[in-house]
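Colleague: Okay, handing you the structure first.
The values are calculated or read from the model by the stated rules, or taken from the named source; none is laboratory data. Everything numeric in this text was worked out from a predicted model, so none of it was measured. So basically every Cβ, Gly included, is an ideal-geometry build from the backbone, and we count neighbours across all protein chains shown. Side chains included, ligands, DNA and RNA excluded: accessible areas come from the protein's heavy atoms. Shrake-Rupley method; radii C 1.70, N 1.55, O 1.52, S 1.80 Å.
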Amino acid sequence: MTSQVKPLRRALAAGLLLLTMACTGRADPDANTILRDARMAQTGQERTLAGHLRVESTGQIIPFTLVLAGDTIRYEFQDKDIILRLGENGSQLMEAARGNTQKVSPARYDKPVEGTDITYEDLSLKFLYWPIAKIDGSETVDALNCWKLHLQPGGEPSAYASVELWVRKLSDDFLEGEGYDAAGNVVKRFKVISGQRDPQGGWMLKKMRIETLAVGKPESITYLEIDK
């Protein structure tokens with residue numbers, strides 16, 4: 001682990017973070033094809049990226065390092081590492097602290113990471129493997145034509161009853177995401193504020209807003225920002 005900040009490529013992701021999605025570029029892709037390509041887009045990267053989380057209400061800055069190594073994504077915070085391994089049929093989320101590495105249990109999926117609006121489930125990208133997925137048509141987001149995906153966990157453990165995602169057509173740019181509770185209320189919203197093309201020709205996230213909502217209004221906001 002390290003407390004230094006080094007470079008970041010797409011997130012949450014999710015991130016976790018960051019969170020990135022991919023579109024096949026075909027005229028009429030199906031939801032499962034988009035999700036399959038999204039999983040593939042998360043793997044194969046080899047780089048170390050840098051950024052920080054910023055809590056709007058307090059101004060707290062939490063630096064992290066994101067290490068991309070094939071199918072492994074490692075978020076390095078000062079006191080622990082959160083490790084995501086992506087496979088063909090599922091993802092595995094681990095946490096390493098004080099020399100001990102253990103799997104993150106489903107009971108902790110809704111717990112916040114470093115006191116922010118990002119949860120362990122948000123970092124795990126579990127929704128990319130959910131068994132129920134459909135395209136809810138096309139919508140425009142920030143003047144960009146997007147596919148709208150509706151995802152449900154089926155029997156998978158989740159803090160969300162469903163997730164809706166917007167991905168730009170003919171590219172792999174993730175623009176927005178929303179998590180819903182069982183009553184159909186939006187409880188989490190992800191919004192990409194800005195991005196840029198990196199020197200290697202890929203797309204790099206610069207800033208994302210992550211909102212926790214109550215009764216449809218933002219209750220707290222965290223920004224994921226990339227340090228130059």
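Colleague: Classify the range 77-160 from the C-alpha gyration tensor, please: rounded if a/c falls under 1.5, else prolate or oblate depending on whether a/b exceeds b/c.
Modeller: Working: a/c = 2.49, a/b = 1.79, b/c = 1.39.
Taking the square roots of the gyration eigenvalues as a ≥ b ≥ c, the range 77-160 is prolate.
Colleague: Cα centroid distance between the range 121-141 and the range 41-95, in Å?
Modeller: 20 Å
Colleague: Now a separate question. Ratio of the range 69-116's C-alpha Rg to 2.2 N^0.38 Å, to two decimals? Walk me through the numbers before you get to the answer.
Modeller: Details: Rg = 11.1 Å, N = 48, 2.2 N^0.38 = 9.6 Å.
Here the answer is 1.16, to two decimals.
Colleague: Just read off the accessible area of Thr72 with the full protein assembly in place, 1.4 Å probe, to the nearest 10 Å².
Modeller: The accessible area comes out at roughly 30 Å².
Colleague: Further question: What percentage of all Cα-Cα pairs in the range 82-227 are separated by more than 26 Å? All intermediate terms of the calculation are to be shown ahead of the outcome.
Modeller: Values: 2895 of 10585 pairs.
Cα-Cα pairs of the range 82-227 separated by over 26 Å account for 27 percent.
Colleague: Related question: Would you list, by chain and number, the lysines whose Cα falls below 30 Å from the Cα of Lys80, excluding same-chain residues fewer than 8 positions away?
Modeller: Lys6, Lys103, Lys111, Lys126, Lys188, Lys191, Lys206, Lys207, Lys228
Colleague: A follow-up question, please. Within the range 123-141, find all residues whose amide N lies under 18 Å from a label point positioned 7 Å from the Cα of Ala161 along Cα-to-beta-carbon.
Modeller: The answer is 131-134.
Colleague: Show the residues, 5+ positions off or on another chain, whose built amide H is closer than 5 Å to the amide H of Ile193.
Modeller: Close amide H contacts, sequence-distant or interchain: Lys207, Met208, Arg209.
Colleague: Let me ask another. Let me know the Kirkwood hydrodynamic radius for the range 33-132, please, with Cα pairs as the basis and the value in Å to one decimal. Don't skip to the end; give the middle numbers.
Modeller: Details: mean 1/r = 0.0694 Å⁻¹.
Averaging 1/r across every pair of different Cα atoms and inverting gives 14.4 Å.
Colleague: Okay, next question. Carbon and sulfur: what percent of the range 81-157's accessible surface (1.4 Å probe)? Mind showing how you got there, number by number?
Modeller: On the way: 1620 of 3640 Å².
Roughly 44 percent, rounded to a whole number.
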